[in-house]
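For reference, the structure discussed in these notes is given below.
Read the figures in this text as sums done on the coordinates, not as results from a lab. Everything numeric in this text was worked out from a predicted model, so none of it was measured. Positions of Cβ are backbone-derived with ideal geometry, glycine not excepted, and every protein chain shown enters the neighbour counts.
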């Protein structure tokens, strides 16, 4: 979110000529590029200072965070000469450079992946302004943004090279987390007390001007030097008690621990090696998300664990035990051509009402002719549809009617997502076309 005061998310992306900002206009149902005619853009492929922003050691460090406390995020990225900071001017829709370099330059060693990949911007002290945290050879370094300069406020913290964080890319386990009360946590997975494959979760909390060690949680078994395990380490409040729990994937499922070291029940129904979760295309998708679950009168916000397995997206919640948070299976109607059940007859009647040539409207969901507005109209039609299968089957019709109305709303939402993506891509295509015409004019 670029401007927190607006409460609206933006799409911010880097193209060959630098950063572009897009904001969705719900009144016009289209994306608008902010500052489309800006003469200066941050992070062009090769900038004035000679940084090649096509290299991951630079472009992968680009982040947004409020460094000044004005509610508008600054744009931060690590250039060849150190951390660059750019300020957004909402009135003029333009960027102004506040810093062209300084700390974390290539010649300070931060052009190496074990260090630049750990750069984080996080509010450590609850003042609404982000600090910079990064792993260096000697351990974690922490900086504060003051008078347009990054000032180091803590050095030689945990997770240095000597603790084994260069081995097998264990530096990819280093994370930060801010809990619901604003407390900032730093955690990672160093080698445990056993051999190179042993592991432990080490937890630190920010205390005014340093990282204080809070807890070390030994992990069972071995294999913790495998990226498919240590790189899944994450913190989340899965119990809803405003304290972080720590989760990490092992060969037989997902381990989770309280801050005080108590192991919670293991999630073994998914996330196992046998199910393919040791493959990068699966374990790298493990994320946490907050979702509203339950009916509108009893809804609660819960932290979920989600990931893409071999059969699609999986979502789980913790309620003392792990449970499926979202079922992917919709009720099936008309299981075969001889099905004469009331629900099958109701479903076919609804399908034919929506499209006279169809007895199975679900088979048409992916057709291009069905737009967002089509599905909204379908939903309204179903909601106001009279029971066509007689009073004896009223309950069956009501159940199918409710399911299909909800389902058509989901279809409309998905169509809107794809429509928004299409609008954004078309806008980018038009912008590139304009640049090409301008280049032709310049040559002529």
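What the table below lists for this structure:
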{"item": "Inverse mean reciprocal Cα-Cα distance (Kirkwood Rh) of the range 86-185, Å", "result": "14.9"}
{"item": "All-pairs Cα distance distribution in the range 342-431, expressed in whole percent, bin size 10 Å", "result": "17, 44, 23, 11, 5, 1, 0"}
{"item": "The chain, relative contact order [Cα under 8 Å, separation at least 6], %", "result": "6"}
{"item": "Over the range 1-157, relative contact order from alpha-carbon pairs under 8 Å, at least 6 apart, %", "result": "14"}
{"item": "At 1.306 mPa s and 10 °C, Stokes diffusion of the range 51-93 via Kirkwood alpha-carbon radius, µm² per second", "result": "142"}
{"item": "Sites residue 169 and residue 353 - FRET efficiency at Förster radius 45 Å, r taken between beta-carbons, to 0.05", "result": "0.20"}
{"item": "Semi-axes of the equivalent ellipsoid for the range 1-157, Cα gyration tensor, largest first, Å", "result": "27, 19, 13"}
{"item": "Gyration tensor (alpha-carbon) shape descriptor, the chain, a/c threshold 1.5", "result": "oblate"}
{"item": "Efficiency of FRET from Cβ geometry, residue 193 and residue 416, R₀ 41 Å, rounded to 0.05", "result": "0.20"}
{"item": "Residue 54-residue 284 FRET efficiency (beta carbon distance; Förster radius 30 Å; 0.05 resolution)", "result": "0.85"}
{"item": "378, 230, 418 arranged by Cβ crowding within 10 Å, fewest neighbours leading", "result": "418, 378, 230"}
{"item": "Per-q log10 I(q)/I(0), the range 27-112, q = 0.12, 0.24 Å⁻¹ (Debye; single scatterer per alpha-carbon; no solvent)", "result": "-0.40, -1.21"}
{"item": "Exposure proxy ranking, count of Cβ atoms within 10 Å, fewest first, for 311, 169", "result": "311, 169"}
{"item": "The range 392-415 residues near the modelled residue 313 label - backbone nitrogen below 19 Å, point 7 Å along Cα→Cβ", "result": "406-415"}
{"item": "Helix-only mean residue ellipticity at 222 nm for the chain, each DSSP H run of n ≥ 4 adding -39500 (n - 2.57), per residue, nearest 500", "result": "-6500 deg cm²/dmol"}
{"item": "Fewest-first sequence of 75, 313 by Cβ atoms within 10 Å of each Cβ", "result": "313, 75"}
{"item": "Relative pair counts by distance (%), Cα atoms of the range 169-329, 10 Å bins", "result": "10, 40, 36, 13, 2, 0"}
{"item": "Inter-label distance, nm, simple model (7 Å from Cα along the C-beta direction), residue 108/residue 11", "result": "3.5"}
